[in-house]
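Visitor: A single structure is presented below for examination.
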């Protein structure tokens, strides 16, 4: 026994709380027409989740709430209680109460054991136990006839529900709805993907530009760091060029001045005044030269005397150390000394001065030792020695005492005289070329002018070379200035691109060389940077990363939705296969039971159900036409030929539908069956057969029978009577027939 109780409060005609205890396997509800007993069947539909108001004989939700003479209520509720000790319902309670409430505003509330739930939760819980608001286990008189008139497709659904396939169809319907929602979501996500795709592609190109621009900025920064320090080197080079140019300009100015002087000398070379000036100058220079030579000769003689004195002192020293020196030996020694002194002086003159070739040759011939001189030259030196000895006096010459003081004084004086001789020799070497030049100019004015012209030409050649050097320096200066201008231009670009950071680019160690190729690299890199664009880098990068994540999320959604759709399609296919397999297996059993019940009710005949293909939608080409399964019914009555179900009489229709409904209930027995006056059209004989069938069904399912039929009443273990007074309120009266029979016995 599954159904324990039903409680109705405010539902339709039950204004006051009515309570039914279903303690018998068959419970009967009886009462006169209009008493509200069919409202009990509708209360079952209501509490079990029926959503069609038409099936509950109402137009709107508020029609379900009592509104009689006693006033209208604000709510109606129906609660049904099940014995769940065998866990027929998939919930961990031994007793389960399902309640539904409708409010005056038309809203509905659902409860399971006082816990508020959704309508869906109630339907799914009951479907797991093959219980529903409509179909095979709540059968009214109209419902019985309806199974004959409905379409094959709808008849198939009724049979599926009777076979307990509703739980599968609910799962399939839910899966189909999920698949539809998934398809819709997938469509929306793909639309979103298509809308974000172009934007993402655009941002990706912009990000690539930005990244390229950043690479170029880094490259340009390094180029600038290698480039700007070279400016110091170029500036230093330019400064050095300025210095060289200044020096060359000074030299050029001096040479040009000499050229002008030479040109003036050429003009003045042949003039009488020039000649007189030269003659006067020659006379002065000759006088100077003669005086220099006289002074030089006197100094040389004085030097000879000193050398003689030194020789005498040396001889005295030697005499003291050895033996006396004879007069002739002294004379030869002084002469030899004089010759050696002259050799040293002559060598100095030849080394330091430019002499005439004749004089040089003459002097070189005498540059031999004294002993190798010709006798004439020796005699000349002896004469000088005699003069020296005579000038010193016999007293000094013959003095035999060595005087070291006299010798030191002579050595000191000799050094002074040597210095004087050197100065006079220098003056002589300076005056002689000048005198020679004047002699030349006086002797040949044309030759002098020619020499001046040659000198001018040499000066002009030097001037040309200097001007050429100045031009080269000027060109180099222009090149360096252009390089500096390029530095300054790039400094402006660097400030525009790098701001204050650019001031640090030149702070590295200056390069000793300037790589001019780096300028081209900088110009090319900067041009590429300007063309790269990439403005608003950080914002674009952020947008790209955000949209990239969104795109990745969308792709994940698409994959998830496609995977979900595939899973749902597989599930739907599996459910279809299970439904079809169970449906066809159940159909065979229903057909057997249907034929047996039909023969019992009609004392013969034949009834059969067959599965057919029903076109979906309007007929189209056979290859494109879609079909779905339906159930067709064919019956054959004994002693009566019929071609369709529409030819059956009212009683025959009732018996046929009862046979089918009972067959479905017996093949897949639901926990309980509610029969609402399905026996109304039966005669006495058929009522007996109907009663037997009810008792047979009661072996598998709990029955609640709403009836007027006495035969049916006799099969019930408990009867509930429903009456209605003038106030329009249904009231209950119960009688336990089983207890009454026990008392009677």
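The values are calculated or read from the model by the stated rules, or taken from the named source; none is laboratory data. Because the structure is a prediction, the values reported are computed rather than measured. As a convention, Cβ positions derive from the backbone with ideal geometry for all residues, glycine included, and neighbour counts pool all protein chains shown.
Visitor: Taking the condition of being closer than 14 Å to residue 122 by Cα and within 60 Å of the chain's Cα centre (by Cα), how many residues in the range 60-87 meet it?
Guide: Count: 0.
Visitor: Another one. How about the range 644-715: which helices (runs of 4 or more DSSP H) wholly inside it have at least 1 residues that are within 30 Å of residue 87 (Cβ to Cβ) and at pLDDT 85 or above? Give the derivation first.
Guide: Values: elements: 650-667, 684-697, 710-714.
By residue number, 650-667, 684-697.
Visitor: Still on this structure: Being out of contact with any helix residue (DSSP H, G or I) (no Cβ under 6 Å at 6 or more places or on another chain) and in contact (Cβ under 8 Å) with a residue 12 or more places away in the chain is the filter; apply it to the range 669-687 and report the residue that is nearest to residue 606 (Cα to Cα).
Guide: 686
Visitor: Also, quick follow-up: Consider residue 367 carefully, then state whether it is modelled with pLDDT of 75 or more and part of a loop (DSSP other than H, G, I, E, B).
Guide: Spelling it out, residue 367 is indeed modelled with pLDDT of 75 or more and part of a loop (DSSP other than H, G, I, E, B).
Visitor: Which residue is modelled with the highest pLDDT, if the candidates are limited to the range 268-283 and must be outside any loop (DSSP other than H, G, I, E, B) and exposed (fewer than 12 other Cβ atoms within 10 Å of the Cβ)?
Guide: My answer is 283.
Visitor: Continuing with the same structure: State whether the residues of the range 392-413 include one that is within 11 Å of residue 306 (Cβ to Cβ) and at pLDDT below 70. Steps first, please.
Guide: Applying the first criterion (within 11 Å of residue 306 (Cβ to Cβ)) to the range 392-413 yields 392, 406-407, 409-413.
Narrowing further to those that are at pLDDT below 70: 392.
Looking for residues that are within 11 Å of residue 306 (Cβ to Cβ) and at pLDDT below 70, one finds at least one in the range 392-413, hence yes.
Visitor: Considering only residues that are in contact with a strand residue (DSSP E or B) (Cβ under 6 Å, 6 or more places away or on another chain) and either without any contact (Cβ under 8 Å) to a residue 60 or more places away in the chain or outside any strand (DSSP E or B) (or both), which ones fall in the range 81-98?
Guide: Matches in the range 81-98: 84, 89, 96, 97, 98.
Visitor: Looking at this structure, is residue 201 in a helix (DSSP H, G or I), more than 30 Å from residue 580 (Cβ to Cβ) and modelled with pLDDT of 85 or more?
Guide: Here the answer is yes, as residue 201 does meet what is asked.
Visitor: Considering every residue within the range 182-200, establish whether at least one is free of Cβ contacts under 8 Å to residues at least 40 places away in the same chain and surrounded by 13 or more Cβ atoms within 10 Å (Cβ to Cβ).
Guide: Taking every residue of the range 182-200 in turn, none turns out to be free of Cβ contacts under 8 Å to residues at least 40 places away in the same chain and surrounded by 13 or more Cβ atoms within 10 Å (Cβ to Cβ).
Visitor: Continuing with this model, one more query. When you scan the range 56-81, how many residues do you find that are under 19 Å from residue 110 (Cα atoms) and touching a helix residue (DSSP H, G or I) at 6+ places or on another chain (Cβ under 9 Å)?
Guide: 8
Visitor: While we're on this one: Which numbered condition in (1) in contact (Cβ under 8 Å) with a residue 12 or more places away in the chain; (2) over 60 Å from the mean Cα position of the chain (by Cα) is the only one that residue 17 fails?
Guide: Of (1) in contact (Cβ under 8 Å) with a residue 12 or more places away in the chain; (2) over 60 Å from the mean Cα position of the chain (by Cα), only one is false for residue 17: (1).
Visitor: Within the set of pairs 6 or more residues apart or between chains, which connect a residue that is on the phi < 0 side of the Ramachandran plot inside the range 630-656 to a residue that is in a loop (DSSP other than H, G, I, E, B) with Cβ atoms less than 6 Å apart?
Guide: Filtered contacts from the range 630-656: 636/605; 637/605; 638/604; 638/605; 650/681; 651/681; 654/681.
Visitor: Scan the range 92-122 for residues that are under 16 Å from residue 56 (Cβ atoms) and at pLDDT below 90 and jot them down.
Guide: 106
Visitor: Still on this structure, I have one more. Which residue, of 101, 123, 78, is within 23 Å of residue 702 (Cα to Cα) and either touching a strand residue (DSSP E or B) at 6+ places or on another chain (Cβ under 8 Å) or part of a strand (DSSP E or B) (or both)? I'd like the intermediate steps shown before the answer.
Guide: Working: 101 fails: within 23 Å of residue 702 (Cα to Cα); 123 fails: either touching a strand residue (DSSP E or B) at 6+ places or on another chain (Cβ under 8 Å) or part of a strand (DSSP E or B) (or both).
Checking each option against the conditions leaves just 78.
Visitor: Residue 236 is checked against (1) exposed (fewer than 14 other Cβ atoms within 10 Å of the Cβ); (2) more than 33 Å from the chain's Cα centre (by Cα); (3) closer than 30 Å to residue 529 by Cα and fails just one. What number does that condition carry?
Guide: That leaves (3) as the condition not met.
Visitor: Consider residue 170 carefully, then state whether it is in contact (Cβ under 8 Å) with a residue 40 or more places away in the chain and within 22 Å of residue 662 (Cβ to Cβ).
Guide: Details: in contact (Cβ under 8 Å) with a residue 40 or more places away in the chain: yes; within 22 Å of residue 662 (Cβ to Cβ): no.
Spelling it out, it is not the case that residue 170 is in contact (Cβ under 8 Å) with a residue 40 or more places away in the chain and within 22 Å of residue 662 (Cβ to Cβ).
Visitor: Residue 545 - would you say it is in a helix (DSSP H, G or I) and within 26 Å of residue 170 (Cα to Cα)?
Guide: When the stated conditions are applied, residue 545 does not pass them.
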